Amino acid sequence: MNLLTFDSGIGGLTALVPILRAYPGSTVTYLGDLAHLPYGTKSPERIRKLCSAAADWLLAAERRRGPSFDWCVVACNTASAHALDVFRSAAIGSGMKVSGVIEPGCRKAIAAKRPRTLILATGATVASQAYPRSLATLGYGGIVEQRACPLFVPLVEDDLLEGPEVAGIARRYLEGWIRPGDAAVLGCTHYPLLLPQLRELYPDVEWIDAGHSLLEMDHAPELEKPDASKPSRLQLFVTDDVASAERARRFLARMGLEDVVLDVKAIPPLV
């Protein structure tokens with residue numbers, strides 16, 4: 001299975017975990033736009049412009065390789081909220097499925113059957129109202145509340161995932177708001193790397209990783225199993241950053257994917 005993936009950074013690797021476990025031997029071409037990280041503080045117009053450049057780059061990679069990519073995953077909630085249509089328009093004629101991560105998270109939240117669902121996301125994702133709108137469309141009748149947690153992204157990108165500093169920031173955002181019995185959707189693919197710390201602080205909450213539900217969706221393509229005797233390969237392209245290789249290896253190891261063959265290349269900013 002050959003996969004195109006986009007994220008504003010390398011936190012989107014969390015969305016690949018179930019896919020690479022289900023399809024060992026896959027090849028992933030991943031674009032992380034670190035030159036413009038974070039997306040969650042930018043205007044919708046700026047996000048769409050950045051995503052348009054990213055979509056063009058990814059589809060150019062698809063054309064260079066030939067019509068052999070099966071799936072494009074927009075592993076960025078902010079991009080999924082504001083510009084999923086940009087990626088889908090760019091992929092017209094390629095035969096690829098294009099999926100975002102918001103609908104999978106909403107379906108998982110509904111399946112949790114909790115009366116109150118919290119959305120932890122970037123400021124831009126919260127402002128888009130994409131999660132409440134999707135939950136309502138899918139028939140969720142409970143209470144939906146959102147909160148922007150902007151400092152979570154730089155914590156993850158700097159590989160600071162636990163400890164008193166992380167706990168302090170988490171409490172600043174969540175204390176007095178999150179309650180036992182809530183379902184809490186991690187509405188940014190960076191956030192799942194903070195899950196051990198979040199579960200320690202709030203063990204009675206149903207934590208939902210939106211990216212982990214991608215394969216359960218009815219819009220996920222039917223894929224042939226690759227040669228499982230070969231390791232999966234991750235071609236990680238990052239804009240304007242050459243220090244991402246070691247961080248990506250640590251992230252993959254934490255997620256049980258240390259056997260993935262990793263190739264990291266820095267490319268110039270796309271915009």
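Here are a few things to note about the model shown:
- When restricted to residues that are touching a Gly at 6+ places or on another chain (Cβ under 8 Å) and either in a strand (DSSP E or B) or among the β-branched types (Val, Ile, Thr) (or both), the range 1-39 contains 8.
- Criterion (assigned to a helix (DSSP H, G or I) and surrounded by 23 or more Cβ atoms within 10 Å (Cβ to Cβ)) met by exactly one of PRO104, PRO132: PRO104
- Scanning the range 107-129 for residues that are assigned to a helix (DSSP H, G or I) and in contact with a strand residue (DSSP E or B) (Cβ under 6 Å, 6 or more places away or on another chain) returns LYS108, ALA109, ALA112, GLY123, THR125, VAL126.
- Scan of the range 147-172 for residues that are surrounded by fewer than 20 Cβ atoms within 10 Å (Cβ to Cβ) and more than 27 Å from LEU252 (Cβ to Cβ), ordered by number: ARG147, GLY168, ARG171, ARG172
- Taken together, the criteria place PRO226 among residues that are over 21 Å from the mean Cα position of the chain (by Cα), at pLDDT below 85 and closer than 29 Å to LEU3 by Cα.
The values are calculated or read from the model by the stated rules, or taken from the named source; none is laboratory data. Only a predicted model underlies this, so the values are computations on that prediction, with no experimental measurement involved. Glycine also receives a Cβ, built like all others from the backbone with ideal geometry; neighbour counts cover every protein chain displayed.
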